[in-house]
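Okay, so here's the structure we're looking at.
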Amino acid sequence: MRLLALILLVGAAAAVPREDGKIIGGQECEPHSRPWMASLNYGYHFCGAVLINKQWVLSVAHCWYNPYAMQIMLGEHNLRVFEGTEQLMKTQNIIWHPSYDYQTLDFDMMLIKLFYPVEITDYVKPIPLPTRCPYAGLPCSVSGWGNIATGEEVNMPARLQCLDVPILEDEKCEMAYPGMLTRRMVCAGYMDGGRDVCNVRTVYVTFLMSPFTIFVNEWIIGIRKVNLHCS
């Protein structure tokens with residue numbers, strides 16, 4: 001079963017990402033209710049990821065950074081508080097998808113091998129991979145530490161944010177973004193706006209995007225989303 005990229009669409013990627021992703025209309029997650037969530041950082045959080053087994057993390061390829069400098073924090077809820085649940089892991093290796101296209105963001109995935117396996121706890125545990133494809137109308141949940149402010153304001157939350165959105169029909173997605181989608185992408189969100197996860201590129205924002213984890217019934221269906229129009 002292929003893993004899909006959740007789309008609400010993007011612009012271009014840059015070599016060193018910043019926290020420019022947005023999650024609009026959501027709320028703080030129940031603490032540690034997403035034990036597979038991971039924070040990529042090199043002194044501070046810059047991208048999200050998801051634990052898929054004891055020694056591998058899945059993220060988006062455009063969040064690549066020097067594996068010898070990047071660290072992975074798991075068991076995190078509040079980025080600014082030590083909660084005693086965290087596990088800080090070094091990176092051993094990073095593998096981009098061989099077909100990754102930085103211009104179209106097709107195959108925008110990478111695997112990160114941790115230097116050591118994590119300790120499975122109530123706060124750190126992998127999420128199962130999908131066993132079937134998502135269908136239109138299926139409710140799903142998005143989580144991340146993206147900007148929660150609208151417009152050009154910046155309000156980076158310390159606590160993990162969650163947002164429930166439905167999978168959209170391929171036809172509606174293609175109408176909204178003609179010629180921009182591939183078979184590896186699926187759309188989710190609301191056609192009328194107001195609740196959304198997006199990445200905004202302005203003259204001030206030249207580095208894009210924190211990825212968001214999308215899961216349904218406790219299994220992952222996608223790791224990134226993009227949106228040309230944000231609430």
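The figures follow:
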| quantity | calculated |
| --- | --- |
| Positive minus negative residues near Lys54 (Lys, Arg vs Asp, Glu; Cβ under 14 Å) | +1 |
| Hz values of 3J(HN,Hα) by residue in segment 169-178 - Karplus curve (6.51, -1.76, 1.60), Gly and Pro given as x | 5, 4, 4, 5, 5, 5, 5, 6, 10, x |
| FRET efficiency for Leu129 and Ser33, using Cβ-Cβ distance with R0 set to 25 Å, rounded to 0.05 | 0.80 |
| Val154 paired with Glu119, simple spin-label distance in nm, labels 7 Å along Cα-to-beta-carbon | 3.6 |
| Qualifying GluC sites (Glu not before Pro) for segment 104-188 [loop in DSSP, other Cβ within 10 Å: at most 16] | Glu119, Glu152, Glu153, Glu169 |
| Estimated distance in nm for a label pair at Phe107 and Glu169, the labels positioned 7 Å out from Cα along Cα-to-Cβ | 3.2 |
| Sparsely packed chymotrypsin sites (Phe, Trp or Tyr not before Pro) within segment 89-195, loop by DSSP, other Cβ within 10 Å at most 14 | Phe115, Tyr135, Tyr190 |
| Extension gain from Ala69 to Lys90, taking 0.36 nm per residue of separation minus the Cα-Cα distance | 6.7 nm |
| Under 10 Å, Cβ to Cβ, from Phe107 - net charge with Lys/Arg +1 and Asp/Glu -1 | -2 |
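Read-outs: derived from the displayed coordinates by stated rules, not from any lab. As the structure is a prediction and not an experimental result, all values here were calculated from the model. Positions of Cβ are generated from backbone atoms using ideal geometry, with glycine treated the same way; all protein chains shown enter the neighbour counts.
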